[in-house]
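Following: one structure in structure tokens, then a few remarks.
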Amino acid sequence: MSFMKDVIRLPSDLGRALMLERKARKMKATDIALRAGRARDVLYRLEQGEDVTLSSLMAILGAMGLTIRLERAGMPTLEEVQRRFGSVDEDGDDAAPP
């Protein structure tokens, strides 16, 4: 069993973490959706960082045996800022996002 300890600040972060966890545990999307009582498309949208209802998120987390824990956010890391907003090169010009 893997143990997730990811910092999640964006819907896309959550989606990626859930997808990686599902694949690491060799869980099928159809099985999770069935256990959650949701359409498989809901799980796929969640994994893509798209909007789903809070009740759908909680149902999918429950079906995967996961919970949410809230912590104080603190300041984002440079990597998190660059991922969210792109980066600026040394000349002050916008650089392409990584």
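Counting the residues of the stretch 44-59 that are closer than 15 Å to Ser12 by Cβ and either touching a strand residue (DSSP E or B) at 6+ places or on another chain (Cβ under 9 Å) or not in a loop (DSSP other than H, G, I, E, B) (or both) gives 5. Could you check how many residues of the stretch 60-88 are in a loop (DSSP other than H, G, I, E, B) and not acidic (Asp, Glu)? The total comes to 13. Scanning the stretch 10-29 for any residue that is surrounded by fewer than 16 Cβ atoms within 10 Å (Cβ to Cβ), modelled with pLDDT under 95 and either among the polar types (S, T, N, Q) or not in a helix (DSSP H, G or I) (or both) turns up at least one such residue. Within the stretch 38-72, how many residues are charged (D, E, K, R) and surrounded by fewer than 14 Cβ atoms within 10 Å (Cβ to Cβ)? The number of residues fulfilling the criteria is 6.
The values are calculated or read from the model by the stated rules, or taken from the named source; none is laboratory data. As the structure is a computational prediction, the values presented were derived from the model and not from experiment. As a convention, Cβ positions derive from the backbone with ideal geometry for all residues, glycine included, and neighbour counts pool all protein chains shown.
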